[in-house]
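> Sharing a structure, written as structure tokens. Questions coming.
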Amino acid sequence: MNHIKIIILFLVLPLLSFGQDKDLSIFENLVDKTWSAEGQWENNGPKFKQDVHFSFDLERSVVIAKSKGFINKEQTEFGDRNHGVRHYDKTTNTIKFWEFDVFGNVTKGEVLAEGKNIIYQYQYGESIITDMWEYVDDSTYNFKVGSYNNGTWEQVYLNTVFKEQK
């Protein structure tokens, strides 16, 4: 009888581990790579330049995003700008994220999948903002920031491309 319990445990344990990895599988293509983008915010707004490196941590239970970007208002200094954490919340069956920046701010919200697209939604002032990593191929994502509802962009504040650094 004990042999049967051991065999069942041996068969089920890998499935449980696989299930935990799968919760963050949306990030699999981004992890262990650095992604770069340059652009400009709408209406001749400030420049946008960012390098982001993603990695799994804590036995693949979180994704860490370390971003370099402009670290002063004059946009003359480029350095460590953001440190982000993405975590699967099994209580709510959602992926939560927190993004801490060099200016002392924190952005928090949820991450959703739409096919291979990765969607971040968060409160910004009175508005709900969406950042979308729209999958093009394994080394390219269109990146948009704006107001996105029911699969439609109502307004786009930034539209650029993240490319994998080789």
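The values are calculated or read from the model by the stated rules, or taken from the named source; none is laboratory data. Owing to the predicted nature of the structure, the values given are computational and were not obtained by experimental measurement. Note: ideal-geometry Cβ built from the backbone for every residue, glycine included; neighbour counts use all protein chains shown. The protein model used for the area step is the full one, side chains on, heavy atoms only, and it has no ligands, DNA or RNA in it. Shrake-Rupley method; radii C 1.70, N 1.55, O 1.52, S 1.80 Å.
> Keeping all protein chains in place and using 1.4 angstrom, which order do 81, 86 fall into by accessible surface area, from largest down?
81, 86
> Using a Gaussian network model of the chain with C-alpha springs under 10 Å, which one of 64, 118, 128 is most mobile by mean-square fluctuation?
128
> Ordering 23, 57 by how much accessible area each has at a 1.4 Å probe, largest first, what is the list?
My answer, sorted largest first, is 57, 23.
> How many Å² of accessible area per residue for the chain, probe 1.4 Å? Write out the running numbers ahead of the final one.
On the way: 10650 Å² over 166 residues.
The answer is 64 Å² per residue.
> Also: Select from 78, 56, 143 the residue whose mean-square fluctuation is largest in a Gaussian network model of the chain (Cα-Cα springs shorter than 10 Å).
Among 78, 56, 143, the largest mean-square fluctuation in the Gaussian network model of the chain belongs to 78.
> Which semi-axis lengths, in whole Å and largest first, follow from the square roots of five times the eigenvalues of the Cα gyration tensor of the chain?
Working through the eigenvalues yields semi-axes of 34, 17, 15 Å.
> Only bridges with both residues in region 18-81 count here: give the DSSP antiparallel percent, nearest 5.
Numbers: 19 of 20 bridges.
Percent antiparallel among DSSP bridges in region 18-81 is about 95.
> Compute the distance in nm between two label points, each set 7 Å from the Cα along the Cα-to-Cβ direction, one at residue 154 and one at residue 53.
3.8 nm
> Accessible area, 1.4 Å probe, largest first: how do 136, 85 sort?
Values: 136 70, 85 35 Å².
In descending accessible area the options line up as 136, 85.
> Which pairs, out of 33/66; 90/163; 96/116; 49/166; 33/116, put more than 22 Å between their alpha-carbon atoms?
Long pairs (Cα-Cα over 22 Å): 90/163.
> Next question. How big is the accessible area of residue 91 in square angstrom, nearest 10, if you roll a 1.4 angstrom probe over the protein chains?
130 Å²
> Tell me the carbon and sulfur percent of the accessible area for the chain, rounded to whole percent, probe radius 1.4 Å.
53 percent
> What residue among 146, 39, 104 shows peak mean-square fluctuation when the chain is described by a Gaussian network model with Cα springs under 10 Å?
Among 146, 39, 104, the largest mean-square fluctuation in the Gaussian network model of the chain belongs to 104.
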